[in-house]
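The values are calculated or read from the model by the stated rules, or taken from the named source; none is laboratory data. Nothing here was measured: the structure is a model prediction, and the numbers come from that model. Here the Cβ is made from the backbone with ideal geometry for all residues, glycine too, and neighbour counts use every protein chain on show. For accessibility, only protein heavy atoms count, side chains too; no ligands or nucleic acids. Shrake-Rupley method; radii C 1.70, N 1.55, O 1.52, S 1.80 Å.
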Amino acid sequence: MIPTAEQFDLVVVGGGPGGYSAALYAASAKLNVALVEKDALGGTCLNRGCIPAKAFLETAAVHRHVQHAADFGIEASAPSVNFAVTQERKQKIVAGLVGGIAAMCKGRKVEVFNGVGRLGPDRTVTVDQADGSTVEIAGTNVILASGSVPRLIPNFERGGPILTSDEVLDLDHVPGRVTVIGGGAIGCEFASTFADLGAAVTILEGLPKILPGLDADVTNVVVRSFKRKKIDIRTGVKVTGHTPNDAGGTTVSFGDGESIEVDAVVISVGRRPFADELGLDGTGVKVDERGFVVVDEMCRTGEDGVFAVGDLIDTPQLAHVGYAESVLVVKQIIGEDPMPVMYDRVPWAIYCHPEVAFVGPGEEAALAAGLDVVVAKHPFKFNSRAQILGETDGLAKIIAEKRPDGGAGRILGVHMVGPWVTEQLSGGYLAVNWEATVDEVAELIQPHPSLTELFGETVMTLTGRNFNG
Ligand SMILES: Cc1cc2nc3c(=O)[nH]c(=O)nc-3n(C[C@H](O)[C@H](O)[C@H](O)COP(=O)(O)OP(=O)(O)OC[C@H]3O[C@@H](n4cnc5c(N)ncnc54)[C@H](O)[C@@H]3O)c2cc1C
């Protein structure tokens with residue numbers, strides 16, 4: 001028999017970035033919160049996404065640095081890779097962060113239920129717990145945050161050499177030859193990691209270019225750098241199937257009768273929302289034809305008091321977007337009047353080498369939207385800190401509104417590619433979201449020598465004067 005429902009101010013289903021941030025933020029606002037997670041707290045991001053993928057990328061960076069140690073006057077023998085240690089290190093980082101969330105939940109008295117949560121009538125949630133028991137809980141409000149899972153493609157069943165991001169992140173060796181199907185952000189991160197660790201990497205992308213949607217100047221830098229790493233980029237090709245071999249590898253067929261023999265295939269064609277176990281049939285929560293839970297701009301579903309956030313809804317699939325949506329929802333629950341998330345101004349970061357970071361429209365997107373713009377760009381080549389780091393590939397590009405006098409006005413987009421740009425975007429992010437003008441931002445001082453001087457210099461150029469170039 002299911003015991004009578006325990007009542008909470010908020011029940012959150014799904015313990016990834018969208019869900020755990022909602023639970024912790026609500027608890028910090030003194031709400032009485034339950035968090036239902038069927039697997040490990042931290043969700044995709046901590047266990048099978050952002051964090052482990054970046055840990056691998058850092059190993060790749062260390063390998064690169066040691067390879068170039070002699071350029072800095074450090075004599076070291078040629079590095080070799082022990083990926084089992086990399087895997088162990090990544091697992092330790094993940095375990096530490098997952099444990100941290102559990103500790104935060106405990107500290108804030110968030111009650112964590114380990115099981116599959118299903119939505120019932122009147123904001124009840126039935127939890128089929130991992131220990132086999134079932135419990136019913138109820139919330140004055142419910143947030144659905146069950147996230148997403150990797151998309152698959154026909155004729156490529158997971159198993160053996162066919163890996164999605166889930167399996168790649170469990171590897172304890174670097175495959176000798178890797179094909180990445182899909183040249184989006186995640187695919188490019190894996191391609192970059194394995195190429196830097198010595199694998200022969202091919203990217204097969206159906207669209208005319210990798211990293212679709214990026215400003216063309218930024219994409220060109222990544223493509224040039226990938227080619228120097230000997231990554232074979234094939235665009236505009238359709239993958240048709242594969243034939244496994246006895247050695248554990250497979251031959252992938254694509255394009256017009258072409259094929260490639262590899263040891264591992266990384267399927268990286270996006271992620272689909274995962275509403276499968278939420279039991280939404282018969283509730284007022286609607287799911288669209290692509291599987292996304294339908295919400296309005298305040299993340300409200302069709303059921304009163306039931307919200308949805310994160311990868312489950314059709315908004316940018318980024319952990320920090322999930323955080324922003326969870327704050328938006330909790331603020332409504334506690335009676336505040338928050339602004340909807342402005343999805344066209346969220347920060348984007350791609351951690352391949354060279355890194356990419358941007359906010360707002362790129363040049364082509366701005367022009368396609370009919371905006372009258374002024375653009376400036378500066379390369380890292382002349383930046384002193386970049387030279388000191390030995391990382392001079394890349395640029396900063398700023399897209400500003402054109403004023404009636406032809407000068408540059410409000411900053412609309414900031415696009416960067418190069419060393420540590422994911423750590424440098426915050427200035428550009430603030431400028432775009434503060435709706436600051438070029439003249440206002442040009443007043444601000446950047447430390448010297450620093451990589452962020454490039455952002456400052458590019459803004460200054462838009463005032464009509466500058467120091468360099
Ligand atoms: C390889 C990779 C790299 C990435 N890198 C980045 C990055 O650098 N930066 C970035 O911002 N984003 C990155 N992402 C995307 C990011 O991981 C997701 O946007 C984010 O995890 C979405 O958070 P979420 O809470 O909506 O869903 P998820 O993180 O998917 O969490 C959902 C949780 O809900 C649980 N769940 C599902 N159904 C139920 C149920 N019925 N009952 C109970 N629990 C349930 C799942 O077990 C899961 O733990 C990356 C993703 C991948 C795969």
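Just to check I understand the Karplus step: with θ = phi - 60° and J = 6.51 cos²θ - 1.76 cosθ + 1.60, what whole-Hz values come out for the stretch 153-163, glycine and proline as x?
Result, rounded to whole Hz: 10, x, 6, 10, 6, 4, x, x, x, 8, 10.
In the stretch 249-357, which trypsin sites (Lys or Arg not before Pro) are in a loop and have at most 10 other Cβ atoms within 10 Å, using DSSP for the loop call? Spell out each step's value before the answer.
Values: sites: ARG271, LYS286, ARG290, ARG300, LYS331, ARG345; in loops: LYS286, ARG290.
Here the sparse-neighbourhood loop sites are ARG290.
Hey, what do the phi angles of the stretch 344-360 turn into as Karplus ³J(HN,Hα) couplings, whole Hz, using 6.51/-1.76/1.60 and θ = phi - 60°, x for Gly and Pro?
Calculated HN-Hα couplings, in order: 7, 10, 7, x, 10, 9, 10, 9, 5, 10, x, 6, 10, 8, 7, 8, x Hz.
Residues with amide H under 5 Å of ALA408's amide H, sequence separation 5 or more or different chain, H placed in the peptide plane at 1.01 Å from N; which?
Excluding prolines and chain starts, which carry no amide H, the hits are ARG403.
Say the cut-off is 28 Å between C-alpha atoms; which of LYS38/LYS331; LYS30/LYS92; LYS109/LYS331; LYS54/LYS331 go over it? If you can, show how the numbers build up before the last one.
On the way: LYS38/LYS331 26 Å; LYS30/LYS92 32 Å; LYS109/LYS331 19 Å; LYS54/LYS331 31 Å.
Pairs exceeding 28 Å: LYS30/LYS92; LYS54/LYS331.
So, taking all protein chains as they sit and a 1.4 Å probe, how much accessible area belongs to GLU336, in Å² rounded to tens?
100
Can you give the relative contact order of the chain as a percent, counting alpha carbon pairs under 8 Å and 6+ residues apart?
Relative contact order here is 14 percent.
Which order do TRP420, TRP434, TRP348 take when ranked by solvent-accessible area (1.4 Å probe, heavy atoms of all protein chains), largest first? Spell out each step's value before the answer.
Details: TRP420 130, TRP434 195, TRP348 90 Å².
Correct descending sequence by accessible area is TRP434, TRP420, TRP348.
The stretch 183-269: Rg/Rh from Cα coordinates, Kirkwood Rh?
In the stretch 183-269, Rg relative to Rh is 0.97.
Just how many % of Cα pairs in the stretch 325-469 lie over 17 Å apart, if you round to the nearest whole percent?
61
7 Å from Cα along Cα→Cβ at both SER80 and VAL294: what's the point-to-point distance in nm?
6.0
Could you give the semi-axes, largest first, of the ellipsoid that matches the stretch 272-313, computed as the square roots of 5 times the alpha carbon gyration tensor eigenvalues and rounded to whole Å?
Sorted largest first and rounded, they come to 14, 13, 8 Å.
If amide H atoms are built 1.01 Å from N in the plane of the peptide, which residues on other chains or at least 5 residues away come under 5 Å of the amide H of THR240?
Those lying under 5 Å, H to H, from THR240 are SER253, PHE254, GLY255.
What order do you get for 198-205, 460-467, 304-311 when each peptide is scored by the mean count of other beta carbon atoms within 10 Å, highest first?
Going from most to least packed, we get 304-311, 198-205, 460-467.
I'd like the Karplus ³J(HN,Hα) series for the stretch 457-464: coefficients 6.51, -1.76, 1.60, θ = phi - 60°, whole numbers in Hz, and an x wherever there's a Gly or Pro.
5, 5, 5, 4, 4, 6, 7, x
Using all Cα-Cα distances in the stretch 66-140, what percent lands in each 10 angstrom bin from 0 up to the longest?
Using 10 Å bins, I get a P(r) of 15, 21, 24, 15, 11, 10, 4 for the stretch 66-140.
Looking at the stretch 94-201, I'd like the Rg to Rh ratio, where Rg is from alpha-carbon atoms and Rh is Kirkwood's inverse mean 1/r. Mind showing how you got there, number by number?
Numbers: Rg = 19.6 Å, Rh = 17.8 Å.
Looking at the stretch 94-201, the ratio lands at 1.10.
Taking the simple approach of a point 7 Å from Cα along Cα-to-Cβ for both SER426 and LYS227, what is their distance in nm?
Using points 7 Å along Cα→Cβ, the separation is 3.6 nm.
In terms of Cα to Cα distance under 17 Å, which aspartates and glutamates are near enough to LYS209, apart from those fewer than 8 places away along the same chain?
GLU189, ASP217, ASP232, GLU363, GLU364
Considering the Cα positions of the stretch 418-467, please state its Rg to one decimal place and its Dmax as a whole number of Å.
Calculated on Cα positions, Rg and Dmax stand at 10.6, 27 Å.
Can you give me the long-range amide H partners of VAL149? Hydrogens built in the peptide plane at 1.01 Å from N, cutoff under 5 Å, separation of 5 or more residues or another chain.
Amide H to amide H, under 5 Å and 5 or more residues apart or across chains, VAL149 pairs with ARG272, PHE274.
Scaled to the compact-protein estimate 2.2 N^0.38 Å, what is the alpha-carbon radius of gyration of the stretch 229-383, rounded to two decimal places? All intermediate terms of the calculation are to be shown ahead of the outcome.
Numbers: Rg = 21.6 Å, N = 155, 2.2 N^0.38 = 15.0 Å.
Computed over Cα atoms of the stretch 229-383, the ratio equals 1.45.
Would you calculate, for the chain, the mean residue ellipticity at 222 nm contributed by helices, counting each DSSP H stretch of 4 or more residues as -39,500 (n - 2.57) and dividing by all residues, to the nearest 500?
Counting only the DSSP helices, I get -9000 deg cm²/dmol.
Using protein chains only and a probe of 1.4 angstrom, how many square angstrom of TYR343 are accessible, to the nearest 10?
60
Run the numbers on the stretch 285-349 and let me know its relative contact order in percent, using alpha-carbon pairs under 8 Å that are six or more apart.
Answer for the stretch 285-349 is 23 percent.
Using the Kirkwood radius over C-alpha pairs as Rh, can you work out the diffusion coefficient of the chain via Stokes-Einstein at 10 °C, viscosity 1.306 mPa s, in µm² per second?
In µm²/s, the coefficient is 66.
Across the stretch 288-335, how large is the tail of the calculated P(r) beyond 14 Å, expressed as a percent of all Cα pairs? Intermediate values should be presented prior to the final figure.
Details: 522 of 1128 pairs.
Counting pairs separated by more than 14 Å, the tail of P(r) holds 46 percent.
Using alpha carbons only, how many angstrom separate the centre of the stretch 407-469 from the centre of the stretch 178-210?
Here the answer is 30 Å between Cα centres.
Calculate the tail of P(r) for the stretch 21-164: the fraction of all Cα-Cα distances greater than 24 Å, expressed in %.
Tail fraction, whole percent: 52.
Treating only the Cβ atoms of Lys and Arg (+1) and Asp and Glu (-1) as charged, compute the dipole magnitude of the chain about its Cα centre; round to the nearest 20 debye.
840
Could you check what % of the DSSP bridge pairs in the chain are antiparallel, to the nearest 5?
Counting DSSP beta bridges with both partners in the chain, the antiparallel share is about 60 percent.
If you bin the C-alpha pair distances of the stretch 346-430 every 5 Å from 0, what whole percents do you get?
P(r) for the stretch 346-430, in whole percents per bin: 3, 16, 23, 22, 17, 11, 5, 2, 0.
Would you kindly calculate the mean projected area, averaged across all directions, of the convex hull enclosing the Cα atoms of the stretch 6-104, in square nanometres?
Taking the Cα atoms of the stretch 6-104, their convex hull projects to 8.3 nm² on average.
Using a 10 Å cut-off on Cβ atoms, rank the peptides 95-104, 58-67 from the highest mean neighbour count down.
The densest-packed peptide leads the list: 58-67, 95-104.
Give me the percent relative contact order of the stretch 223-272, please, defined on Cα pairs under 8 angstrom at least 6 residues apart. It would help to have the intermediate numbers written out before the result.
On the way: 45 pairs, mean separation 11.3, N = 50.
Averaging sequence separation for qualifying contacts and normalising by length gives 23 percent for the stretch 223-272.
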